[in-house]
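Everything on this sheet refers to the single structure shown next.
The values are calculated or read from the model by the stated rules, or taken from the named source; none is laboratory data. What you see is a predicted model, and the numbers here were worked out from it, not measured in a lab. Backbone-built Cβ (ideal geometry, glycine too); neighbour counts: all protein chains shown. For the accessible areas, the whole protein counts, side chains as well, though only heavy atoms, and no ligand, DNA or RNA atoms are used. Shrake-Rupley method; radii C 1.70, N 1.55, O 1.52, S 1.80 Å.
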Amino acid sequence: MISFSEANNIAFVTLSRPEKQNALSVEMFVGLDNAIKKIRKSKSIRAVVIQGEGAHFCAGLDVKSVLNKPSGIIKLLKKWLPGNANLVQRVVLGWQTLSVPVIAKITGNCLGGGCHIALGADIRLADSSAQFAIMEAKWGLCPDMGGSLLLPATMNKDKALLMTIHAQRIDAQQALKDGLITELCDDVDARLSELLTQFSARSPDAIAAIKKVHNRAYNQPARKLLWIETWSQIKLLAAKNTKIAMKNVSVADENKKPFLPRMKW
């Protein structure tokens, strides 16, 4: 369900589950992790394109398939040391560890986990059909895919906090205004081709050095923040208010159950 191909020294990583709007299964997380490892070992790849098959980039986590397999949740969240990245964090932050530019080509829905994966790219190109959302709060959860390391270099704190808490979609125009995407394109394929041509005309060593310097300048200290993300999610998964939030998603407003007092944070 993750397609990997190379052409003219460009790696194309495609989320290939169009019948589900490329919603993320555990197997797709593993496939993305393996693609990152494969690119990291290559000296011939000059750039990476992340894209979705069909009309949509990614509709987010396939919650039903993941929750039906408790072992899958463990596989996604487990880590050997608190500060290490787990699988869901690696498929976002892993693109930042590559020495080549990574471009996310975004059309249609770019929601939840899909939005986090796009955040992991160096450049985000979108067309007018694109819609974005960070969805975890809708389910009573918090983002735990490493995006907290990347958002400070992308969006102002107030915009990031608002988007994360309200868990509603924004269109491509608003995403551009908020700094979530790099460019809003009339023809995203033409602009992608133009950028790839420009990158191929630059020394790959210069690009690697530039990316390393900028990552160091913009990124937050990682290990403590990654543990805070994961530990917060573990606490929420066990919380009574999370169960209430998940039940409230599918009921009418007048039937929503009130939340209990907040636990100690």
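The angle between the Cα long axis of helix 26-41 and the longest principal axis of the Cα atoms of the chain comes to about 30 degrees, rounded to the nearest 10.
Net charge dipole, the chain: roughly 1400 debye, given to the nearest 20, about the Cα centre with Cβ charges of +1 for Lys and Arg and -1 for Asp and Glu. Out of the total accessible area of the chain (probe 1.4 Å, heavy atoms of protein only), what percent is carbon and sulfur? Heavy-atom surface of the chain belonging to carbon and sulfur, 1.4 Å probe: 56 percent. So what's the angle, to the nearest 10 degrees on a 0 to 90 scale, between helix 222-237 and the longest Cα principal axis of the chain? That helix lies at roughly 40 degrees to the long axis. When only the Cβ of Lys, Arg, Asp and Glu is charged (+1, +1, -1, -1), the dipole of the range 1-137 relative to its Cα centre reaches about 540 debye. Accessible surface computed residue by residue for the chain, with neighbouring protein chains in place and a 1.4 Å probe, gives 53 Å² per residue.
Debye calculation, C-alpha points only, no solvent: report log10 I(q)/I(0) for the range 15-112 at q = 0.23, 0.24 Å⁻¹, in the same order as the q values. Cα-only, vacuum Debye calculation for the range 15-112: -1.28, -1.32. What net charge do the residues around ALA126 carry, taking every other residue with its C-beta under 9 Å from that of ALA126, with Lys and Arg at +1 and Asp and Glu at -1? Surrounding charge for ALA126 is 0. Between the C-alpha center of the range 1-50 and that of the range 89-137 there is a gap of 13 Å. Only Lys, Arg, Asp and Glu carry charge here, each on its Cβ (+1 for the first two, -1 for the last two); on that basis the range 26-78 has a dipole of about 400 debye about its Cα centre. Compared with the dominant principal axis of the Cα atoms in the chain, helix 157-166 is inclined by about 50°. Extension gain, LEU67 to ALA206, is 45.6 nm, computed as 0.36 nm per intervening residue step minus the present C-alpha separation. Temperature 10 °C, viscosity 1.306 mPa s: under these conditions the Stokes-Einstein estimate for the range 1-42, based on its Kirkwood radius over C-alpha pairs, is 147 µm² per second. Largest accessible area first, the residues HIS166, HIS214 order themselves as HIS214, HIS166 under a 1.4 Å probe with ligands, DNA and RNA left out.
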